[in-house]
Amino acid sequence: NAGVMQNPRHLVRRRGQEARLRCSPMKGHSHVYWYRQLPEEGLKFMVYLQKENIIDESGMPKERFSAEFPKEGPSILRIQQVVRGDSAAYFCASSRDTTDTQYFGPGTRLTVL
Amino acid sequence: AQSVTQLDSQVPVFEEAPVELRCNYSSSVSVYLFWYVQYPNQGLQLLLKYLSGSTLVKGINGFEAEFNKSQTSFHLRKPSVHISDTAEYFCAVSARAGNQFYFGTGTSLTVIP
């Protein structure tokens, strides 16, 4: 059973460009979570999605950030008009349900020049 | 909401010595507790978790942790560390009825030969 997959592993963008981060959950998992890890800090929750629904986006910045988890395909975290402060590692996790352990992907390291 | 405090940001320890990484949490509701390990430039790997039952939890790589409800602690221990244990360790908590994980800021364990 493959683990949580994220791509790309590394992403470099210039200020003002868009970043699209993809996450494929583990087989059988319908719950996806996105976290951001800033340098020298722990992970901070951003958003929790189930198929086609955003359940909790209390950790998402109000502007430029959006997430989706379509019926088919991976979950996407989209950052529009990136700024240097968006440079971080973005981790995706998945679980079977809300009482299950969250399993993490390897992360996408975004660098904004 | 829940919060996690990892009291030590850096812990150096000699090879084959014992180690304890401290974690305290706060929550007004019942929680699940987790320890994750992060190797350089990699994602988070689950070490162990406490959901219910015995307060002493054994995980992978010889680690164990004890849940102490009265002290709201979940300290991680290993009786004899190896060079390969050098990594960042994160304590996390989630409400039993919730969906967010709250992470501590991490403890960097360095094993000295």
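Read-outs: derived from the displayed coordinates by stated rules, not from any lab. These figures come from a predicted structure and were not determined experimentally. Reconstructed Cβ throughout: ideal geometry from the backbone, glycine too, with neighbour counts over all protein chains shown.
Each of B:TYR36, A:TYR33 was scored by other Cβ atoms within 10 Å of its Cβ. Listed from fewest to most, they are B:TYR36, A:TYR33. GNM remark for chain B: springs join alpha carbons under 10 Å apart, and the peak mean-square fluctuation among B:GLU64, B:GLU88, B:GLU16 falls on B:GLU16. Taking a sphere under 10 Å around the Cβ of A:PHE65 and counting the other residues whose Cβ falls inside, with K and R at +1 and D and E at -1, yields a net charge of +1. With a cut-off of 12 Å between beta carbons, the residues surrounding A:THR98 carry a summed charge of -1, where Lys and Arg count +1 and Asp and Glu -1.
P(r) for chain A, from all Cα pairs and a bin width of 10 Å, is 16, 50, 29, 5 %, short bins first.
Report the gain in length on full extension from B:TYR39 to B:PHE14: 0.36 nm times residue separation, minus Cα-Cα distance, nm rounded to one decimal.
Fully extending the segment from B:TYR39 to B:PHE14 adds 7.2 nm.
Charged neighbours of A:SER75, selected by a Cβ distance under 10 Å, balance to +1 (K, R count +1; D, E count -1).
Per-residue Cβ neighbour counts within 10 Å put B:LEU51, B:LEU44, B:LEU33 in the sequence B:LEU51, B:LEU33, B:LEU44, beginning with the fewest.
With Cα atoms defining each centre, the range B:42-113 and the range A:1-41 are spaced 23 Å apart in the structure. For a straight C-alpha distance cut-off of 16 angstrom, the lysines reachable from B:LYS58 (same-chain residues fewer than eight places away being disregarded) are B:LYS49, B:LYS78.
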